Ligand SMILES: Cc1cc2nc3c(=O)[nH]c(=O)nc-3n(C[C@H](O)[C@H](O)[C@H](O)COP(=O)(O)O)c2cc1C
């Protein structure tokens, strides 16, 4: 089981479209996966689920438990202001430390409207996950100009599709 984390809470995000494409690729290989989409975070997450309120928010608690029980993750990382979305960091800050990520494995997929393909965002996130003692797969597809390469929820750039398939190959062996 692989846990796919859609790294923004923006409704109808492009990130979620890429998550769904990735999940179909996994299904084709008979690999099961589950999706955690930050759009499902409770509205009062910041005021009722963090720090001294940890464990008290009934909507966030199942997400926190799911993250704790998982052992392989793929994080889908949109580029926001040259890094990853603040909500993703806040989500990570709300998870149980150090048990959530320690000794586990993840892969990252970056996407952006601009030319960077979230490369710096994934680098920033890699530092954080390594701090949390999680291993990060070296292959980090950078899906730049993403809007030009999606049509009706399908990836229409064969290079991007092959980068995702190659990452899946590596992640299975990781
Ligand atoms: C708050 C915000 C900041 C953004 N900053 C950048 C950026 O720094 N560089 C960039 O290429 N795209 C930027 N974008 C565009 C996103 O990368 C783009 O919308 C992409 O489709 C993924 O985001 P989404 O999943 O929210 O759709 C930004 C979008 C938002 C909402």
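The figures follow:
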{"item": "Leading residue by the ranking (farthest from the ligand (Cβ to nearest atom)) among those in the range 41-54 that are part of a loop (DSSP other than H, G, I, E, B) and in contact (Cβ under 8 Å) with a residue 12 or more places away in the chain", "result": "54"}
{"item": "Restricting the range 66-75 to residues that are more than 16 Å from the ligand (Cβ to nearest atom) and in contact with a strand residue (DSSP E or B) (Cβ under 8 Å, 6 or more places away or on another chain), the residue that is nearest to residue 97 (Cα to Cα)", "result": "67"}
{"item": "For residue 81: the one exception among (1) farther than 17 Å from residue 106 by Cα; (2) free of Cβ contacts under 8 Å to residues at least 60 places away in the same chain; (3) touching a helix residue (DSSP H, G or I) at 6+ places or on another chain (Cβ under 7 Å)", "result": "(3)"}
{"item": "Answer from 122, 63 - the residue that is within 16 Å of the ligand (Cβ to nearest atom) and either closer than 25 Å to residue 27 by Cβ or exposed (fewer than 12 other Cβ atoms within 10 Å of the Cβ) (or both)", "result": "122"}
{"item": "Unique match (being over 16 Å from the mean Cα position of the chain (by Cα) and over 24 Å from residue 21 (Cα atoms)) among 148, 130, 152, 81", "result": "81"}
{"item": "Scope the range 76-113; condition in a strand (DSSP E or B), more than 9 Å from the ligand (Cβ to nearest atom) and surrounded by fewer than 18 Cβ atoms within 10 Å (Cβ to Cβ); matching residues", "result": "105"}
{"item": "Yes/no for residue 66 being in contact (Cβ under 8 Å) with a residue 60 or more places away in the chain and under 13 Å from the mean Cα position of the chain (by Cα)", "result": "no"}
{"item": "Selected residue [farther than 17 Å from residue 5 by Cα and touching a strand residue (DSSP E or B) at 6+ places or on another chain (Cβ under 8 Å)] from 108, 150, 143, 120", "result": "120"}
{"item": "Unmet requirement for residue 37, which otherwise passes all of (1) modelled with pLDDT of 95 or more; (2) out of contact with any strand residue (DSSP E or B) (no Cβ under 6 Å at 6 or more places or on another chain); (3) surrounded by 13 or more Cβ atoms within 10 Å (Cβ to Cβ)", "result": "(2)"}
{"item": "Of all residues in the range 1-40 being part of a helix (DSSP H, G or I), touching a residue at least 60 places away in the same chain (Cβ under 8 Å) and more than 10 Å from the ligand (Cβ to nearest atom), the one that is farthest from residue 167 (Cα to Cα)", "result": "20"}
{"item": "Selection count where residues are within 16 Å of the ligand (Cβ to nearest atom) and either surrounded by 12 or more Cβ atoms within 10 Å (Cβ to Cβ) or under 15 Å from residue 118 (Cα atoms) (or both), scope the range 137-174", "result": "15"}
{"item": "Test result for residue 57, assigned to a loop (DSSP other than H, G, I, E, B), surrounded by 19 or more Cβ atoms within 10 Å (Cβ to Cβ) and in contact with a strand residue (DSSP E or B) (Cβ under 9 Å, 6 or more places away or on another chain)", "result": "no"}
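The values are calculated or read from the model by the stated rules, or taken from the named source; none is laboratory data. All figures in this text were calculated on a predicted structure; none of them were measured in a lab. Counting neighbours? That spans all protein chains shown, and the Cβs are built from the backbone with ideal geometry, glycine included.
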